[in-house]
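Since the structure comes first, as structure tokens, the remarks are kept for the end.
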Amino acid sequence: MTKKKPKTLGRIESRDVELCRTTNARVSNQMMQTLVENEIPFTQNWVRVPFYKREAYNGAREVCVILTHCNQYQRARRVLDHMELYYRKRIMVHAV
């Protein structure tokens, strides 16, 4: 008897949630280094900001969006809360 795979109807279910955003490359690198040191899985994407929304990001053309797995979100938030104040001021944390 063979096991059947569950049907997803062609949809790929992503369990990643947005952790935070930043427009500063230095802050992005520091966050990535901190997450790697604490063995937290994440992905980083630089997203282009449309012209009419740039005012919300202080005129930045791109914003770095960091995603993490939903089961690791709370742990990742605790890690980011322990970062230096300089870096914490420059990230926009997304609340789930």
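The values are calculated or read from the model by the stated rules, or taken from the named source; none is laboratory data. If you're wondering where the values come from, they're calculated on a predicted model, not measured in any experiment. Reconstructed Cβ throughout: ideal geometry from the backbone, glycine too, with neighbour counts over all protein chains shown. Each accessible area value is taken on the protein alone, full model and side chains, heavy atoms only, with ligands, DNA and RNA left out. Shrake-Rupley method; radii C 1.70, N 1.55, O 1.52, S 1.80 Å.
Descriptive notes on the structure:
- Total residues in the stretch 10-52, condition in a strand (DSSP E or B), under 17 Å from residue 83 (Cα atoms), of a type in the set (A, V, I, L, M) and open to solvent by 50 Å² or more (accessible area, probe 1.4 Å): 0
- Residue that is most open to solvent (accessible area, probe 1.4 Å) [pool: residues in the stretch 53-81 that are farther than 16 Å from residue 95 by Cβ and of a type in the set (Asp, Glu)]: 55
- Per the listing 17, 65, 96, 47, the residue uniquely at pLDDT 90 or above and over 11 Å from the mean Cα position of the chain (by Cα) is 47.
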